Amino acid sequence: MAIKNHNYQMAKFVISAPDIRHLPKDTGIEVAFAGRSNAGKSSALNALTQQKSLARTSKTPGRTQLINLFEVEEGVRLVDLPGYGYAEVPEEMKRKWQQALGEYLQKRECIKGLVVLMDIRHPLKDLDMQMIEWSVAMNVPVLVLLTKADKLASGARKKQLTEVREALAPLEGDIEVEYFSALKKIGVDKLRIKLDSWYNTPA
Ligand SMILES: Nc1nc2c(ncn2[C@@H]2O[C@H](COP(=O)(O)OP(=O)(O)OP(=O)(O)O)[C@@H](O)[C@H]2O)c(=O)[nH]1
Ligand SMILES: [Mg+2]
């Protein structure tokens, strides 16, 4: 089958939802972006779609508290999941987000891939592992992006990449790890190629 390249620049905002019950019908294909608050999810989506403010970025962690859904073309969607792990959020709200994330991954059938974004300086926190383990259990392939790679020199960058790859190898899942910088546009092509391959996976 010929791979179709999607035009991510065409992405348009569709809806913000507090949980999966408020999302559009579970048909077509979705790829979701997950990560700790401030990891760079919204920035990565903006870099991918070459739009400055498709997904809102913010200096205040915990800004994206809803599931934000974007459509590239009919039936091809990108999902910005709520950031997790932000310490200064009330316990009750944290619990709600975690539940929304778990539900999304475990019940939403149109998900064909998960991008997990982790700050290259602080990778593999508990909830990152939880998200990756859920995906492996659901047979959903994972692309881990080590974000803000521009913050490290190339030696330190490679070291982190190797360590994260080694740490995830025992999970034996369909997991790929790359580094990324929305600022310097590092890894954007790899992200695009991976998404195209997921969107082209036969159902
Ligand atoms: N240096 C650098 N900073 C970045 C990069 N990507 C994002 N940032 C900064 O990191 C902060 C958080 O980025 P967001 O994209 O809003 O992060 P998020 O994961 O969407 O955060 P929440 O929506 O709160 O969960 C912002 O101040 C960004 O400017 C990057 O590649 N390099
Ligand atoms: Mg965000």
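The values are calculated or read from the model by the stated rules, or taken from the named source; none is laboratory data. The model shown is predicted, which means the values in this text are computed figures rather than measured ones. Heads up, the Cβs are rebuilt from the backbone with ideal geometry, glycines too, and the neighbour counts pull from every protein chain shown.
For segment 7-48, which residues satisfy the criterion of being under 18 Å from Val115 (Cβ atoms), within 16 Å of ligand 2 (Cβ to nearest atom) and part of a loop (DSSP other than H, G, I, E, B)? The answer is Ala11, Ser37, Asn38, Ala39, Gly40.
If you go through segment 80-88 one residue at a time, do you hit one that is within 11 Å of ligand 1 (Cβ to nearest atom), surrounded by 22 or more Cβ atoms within 10 Å (Cβ to Cβ) and outside any loop (DSSP other than H, G, I, E, B)? Yes: segment 80-88 contains one or more residues that are within 11 Å of ligand 1 (Cβ to nearest atom), surrounded by 22 or more Cβ atoms within 10 Å (Cβ to Cβ) and outside any loop (DSSP other than H, G, I, E, B). Within segment 69-105, the set of residues being small (Gly, Ala, Ser) and within 16 Å of ligand 2 (Cβ to nearest atom) comprises Gly83, Gly85, Ala100. Would you point out the residue of segment 1-54, among those that are among the hydroxyl-bearing types (Ser, Thr, Tyr) and in contact (Cβ under 8 Å) with a residue 40 or more places away in the chain, that is surrounded by the most Cβ atoms within 10 Å (Cβ to Cβ)? This residue is Tyr8. When segment 129-140 is limited to residues that are among the aliphatic types (A, V, I, L, M) and over 16 Å from Ala39 (Cβ atoms), the one that is surrounded by the most Cβ atoms within 10 Å (Cβ to Cβ) turns out to be Val140. Scan segment 141-187 for residues that are crowded, with 17+ Cβ neighbours inside 10 Å, β-branched (Val, Ile, Thr) and more than 10 Å from ligand 1 (Cβ to nearest atom) and jot them down. Listed by number, the residues that qualify are Val142, Val144, Val164, Ile175, Val177.
The residue that is farthest from Thr27 (Cα to Cα), counting only those in segment 46-69 that are among the hydrophobic types (A, V, I, L, M, F, W, C), more than 7 Å from ligand 1 (Cβ to nearest atom) and at pLDDT below 95, is Leu54.
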